[in-house]
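J.: Once you've had a glance at the structure underneath, I'll fire off some questions.
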Amino acid sequence: MSVILLLTFLFPAVLSLNGQEVPVYSFAQFEQLLQKRNDTTYVLNFWATWCVPCVKELPDFEKAGVHFNNKKFRLVLVSLDFKSQINSSLIPFLKAKKIRSGVILLSEPDPNSWIDKVNRNWTGSIPMTIIYNRDFYFFREGSMSFSELENILTKNIIP
Amino acid sequence: MKKITILFGVFILATQLAFAGGYKVGDKATDFRLKNVDGKTVSLSDYPDAKGFVVIFTCNHCPFSVAYEDRIIAIDQKYKGLGYPVIAINPNDSTVAPADSYSKMIVRAEEKGFTFPYLIDDNQQMTLTYGATRTPHVFLLEKTGDDLIVRYIGAIDYNHEFPEKVTKNYLTNAIDALLEGKTPDPGFTKAIGCTVKFAKKQRD
């Protein structure tokens, strides 16, 4: 059951790369992804095309995605771009930068009602990254490098 | 002696970083004197008749700030006359965010016809003191005797993208509450926004 749910949630994101579609998640849908504390290690990077430090660190996340590709690992780039700009900004950006990781758009009004549910320590600025599995949880508000990601993932991915 | 100076410097920096959270609701806020887009300086003490201030850290380049420009103008137009003028402060370092330079602030203020001061926090001291971490980031202050008390911190409203769908006007509800002699509830909200761009020297 959980596998089916997992597929439902993550495959649209992965398939979007070629289909040039970005699945739009409400917070209720997105929350199910947050609650997956199993033996897959999730890396959720909150970003947007208009966020300069986010765009700068994307190649490091892409590199980590490739590096840990054969492990029990999922990288999801959670875009906070404006919903009205999916076709005008987000998709052209993903194509131009040849982004290969799964991308979803989180579109939910009233961030005040859900920011704390993602992480209580999050003030709401991006980039923000959470990494988690059954045994491990990591939160960073701010940029991350490939070497940091590699270090954390090497230590915590469940074999 | 040199060592002590260095240590003290590190201590100051550490204190600044530790207080990156800045003000909390109920704290006493400090006044400032910062340069406006018209070349003159503005201080909260220039407004003896104000009941308080809507201090908004905002900037040119951030799409969230841009999305809120018209709403900020409307809030200033409505509440200035009621004693709560908007004071906008650009918190960003222009070497990190060139679109937020002083000259570009002047251009943007003219283009949009800002009805409120748009100040530059050159050394980012007020940004650190207030604890603005993103743009736009609101600090609603109420004059109480000689003090300025922080009464609300957070978002302008509930929906940055679709103003017509806003059902929770956090900021104007908070100002209305103060005008009625009540305590704003909520006094604190979170929002998505662009990070404040600090000068490299303060970060490294």
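Just so it is clear, none of the values below were taken in a lab; they were calculated from the coordinates. Bear in mind the structure is a predicted one, so any value in this text is a computation, not a measurement. Positions of Cβ are backbone-derived with ideal geometry, glycine not excepted, and every protein chain shown enters the neighbour counts.
J.: All but one of (1) in contact (Cβ under 8 Å) with a residue 24 or more places away in the chain; (2) within 14 Å of chain B (Cβ to nearest Cβ) hold for A:R134, so report the exception by its number.
T.: Going through the list (1) in contact (Cβ under 8 Å) with a residue 24 or more places away in the chain; (2) within 14 Å of chain B (Cβ to nearest Cβ), A:R134 breaks only (2).
J.: I'd like to check something: does the stretch B:166-188 contain any residue that is in a strand (DSSP E or B), more than 12 Å from chain A (Cβ to nearest Cβ) and farther than 24 Å from A:L106 by Cα?
T.: Step one: filter the stretch B:166-188 for residues in a strand (DSSP E or B), giving B:188.
Checking which are more than 12 Å from chain A (Cβ to nearest Cβ) leaves us with none.
No, the stretch B:166-188 contains no residue that is in a strand (DSSP E or B), more than 12 Å from chain A (Cβ to nearest Cβ) and farther than 24 Å from A:L106 by Cα.
J.: Right, here's the next one. For the stretch B:123-132, state whether one or more residues are within 14 Å of another protein chain (Cβ to nearest Cβ) and farther than 24 Å from A:D110 by Cβ. Full working, then the answer.
T.: Taking the stretch B:123-132 as the starting set, the residues that turn out to be within 14 Å of another protein chain (Cβ to nearest Cβ) are B:127, B:130-132.
Adding the requirement that they be farther than 24 Å from A:D110 by Cβ leaves B:127.
Yes, the conditions are met somewhere in the stretch B:123-132.
J.: Follow-up question, since we're still on this one. Inside the stretch A:98-151, can you point out the residues that are of a type in the set (A, V, I, L, M), closer than 20 Å to A:V24 by Cα and under 14 Å from the mean Cα position of the chain (by Cα)? Explain how you work it out, then say what you get.
T.: Applying the first criterion (of a type in the set (A, V, I, L, M)) to the stretch A:98-151 yields A:99, A:103-106, A:115, A:118, A:126, A:128, A:130-131, A:144, A:149.
Add one more test, that the residue is closer than 20 Å to A:V24 by Cα, and what stays is A:99, A:103-106, A:115, A:118, A:126, A:128, A:130.
Scanning the stretch A:98-151 gives A:I99, A:V103, A:I104, A:L105, A:L106, A:V118, A:I126, A:M128, A:I130.
Yes/no matrix, rows are residues, columns are (1) more than 14 Å from every other protein chain (Cβ to nearest Cβ); (2) buried (at least 18 other Cβ atoms within 10 Å of the Cβ); (3) touching a residue at least 60 places away in the same chain (Cβ under 8 Å):
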residue: A:K95; (1), (2), (3): yes, no, yes
residue: A:K98; (1), (2), (3): yes, no, no
residue: A:L105; (1), (2), (3): no, yes, yes
residue: A:S145; (1), (2), (3): yes, no, yes
residue: A:E148; (1), (2), (3): yes, no, no
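J.: Mind checking whether some residue in the stretch B:146-159 is of a type in the set (A, V, I, L, M) and assigned to a helix (DSSP H, G or I)? Spell out how you get there, then give the answer.
T.: Filtering the stretch B:146-159 down to residues of a type in the set (A, V, I, L, M) leaves B:148-150, B:153, B:155-156.
Then keep just the ones that are assigned to a helix (DSSP H, G or I); that gives none.
No; the residues of the stretch B:146-159 include none that is of a type in the set (A, V, I, L, M) and assigned to a helix (DSSP H, G or I).
J.: Looking only at the stretch B:154-172, filter to residues that are over 18 Å from the mean Cα position of the chain (by Cα) and not aromatic (F, W, Y); which one of those is nearest to B:H61 (Cα to Cα)?
T.: Across the stretch B:154-172, the extreme among qualifying residues is B:E161.
Residue-by-condition table, conditions (1) touching a residue at least 24 places away in the same chain (Cβ under 8 Å); (2) under 21 Å from A:A48 (Cβ atoms); (3) surrounded by fewer than 23 Cβ atoms within 10 Å (Cβ to Cβ):
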| residue | (1), (2), (3) |
| --- | --- |
| B:P98 | no, yes, yes |
| B:S101 | no, no, yes |
| B:A132 | yes, yes, no |
| B:L140 | yes, no, no |
| B:G145 | no, no, yes |
| B:Y152 | yes, no, no |
| B:H160 | yes, yes, no |
| B:E164 | no, no, yes |
| B:N173 | no, no, yes |
